[in-house]
Amino acid sequence: MGEVSGGMVAFDIQDPTLPVEIGRIKIPNETYPKEAQGMAFKDNFSYVANPWGGLAIVDISDPASMTMAGYYNKPQTAYPGVWDVAVQGDFAFIIAQRYGIQSLDISDPVNPVFASELLLPINYMEGNDSPPLDIKMINARYAAVTNGYDGVYIIDTSDPFDIKIAETIDTVGYAWGVTQHGNRLYIADGYDGIHVFDISEYTAVPLPSSALLLLAGISSLLARTRHRLR
């Protein structure tokens, strides 16, 4: 788990009623050396959003003795910095407040490399928290990003070297958090409560090319059969 003032903490949850802390690591940062916000996991690594700094990559192969494996600095103009992260395949997608989204090639976790970016309109902020605020992968192709008063953005990540907006969903309030359950997208919308959206068009699983070729062959065969019967 990420802890704002305590870095990243690992717990043994074999007994869910009695979680036991087994490891802790401070995230290095010149301004706030311990702060950790959102995180995602792949293999033996945790990708930790480190506000005011960037993205920390932590080796968690030994949870009792976690170590820093790599680091990616936030975009220079992002303030306060990287707030959340999602991972899909060999790419991490980070949201930088008052900035937008960047995709990073993490095929080598020790050396994350910039792939592309997508600037988002940042028209408003609430208190000291600036959008974008939360990112969740919907599936292997799409991600949802909350962007404060600007609503929610469905992001096409199918080409990590050219991420782009697929759709903008307007919300009534200030879009903070987002989660998905099946074909529904649930938005924490500040004082306006929770909003639910149907995203079945984005969660539908496309048929593989082999299946499409098979269907095309069957259609062609049926057409020829109908032609002979005439």
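Quick note: the coordinates plus some simple rules give every number you see, no bench work behind them. All values reported here derive from a predicted model rather than from experimental measurement. Note: ideal-geometry Cβ built from the backbone for every residue, glycine included; neighbour counts use all protein chains shown.
Of all residues in segment 172-185, which are of a type outside the set (Gly, Ala, Ser) and surrounded by fewer than 16 Cβ atoms within 10 Å (Cβ to Cβ)? Within segment 172-185, 172, 179, 181, 183, 184 meet the criteria. Residues that are over 19 Å from the mean Cα position of the chain (by Cα) number at least 3 in the following strands (runs of 3 or more DSSP E) confined to segment 48-119: 67-73. If you go through segment 147-182 and keep only what is among the charged types (D, E, K, R) and more than 15 Å from the chain's Cα centre (by Cα), you end up with 150, 162, 167, 170. Within segment 143-150, at least one residue is crowded, with 17+ Cβ neighbours inside 10 Å, assigned to a strand (DSSP E or B) and at positive phi.
Residues that are in contact with a helix residue (DSSP H, G or I) (Cβ under 7 Å, 6 or more places away or on another chain) and in contact (Cβ under 8 Å) with a residue 60 or more places away in the chain were ranked within segment 127-165; the one that is farthest from residue 183 (Cα to Cα) is 142. For segment 120-146, filtered to residues that are under 12 Å from residue 95 (Cα atoms) and of a type in the set (D, E, K, R), the residue that is farthest from the chain's Cα centre (by Cα) is 134. Scanning segment 86-109 for residues that are β-branched (Val, Ile, Thr) and surrounded by 23 or more Cβ atoms within 10 Å (Cβ to Cβ) yields 94, 95, 101, 106.
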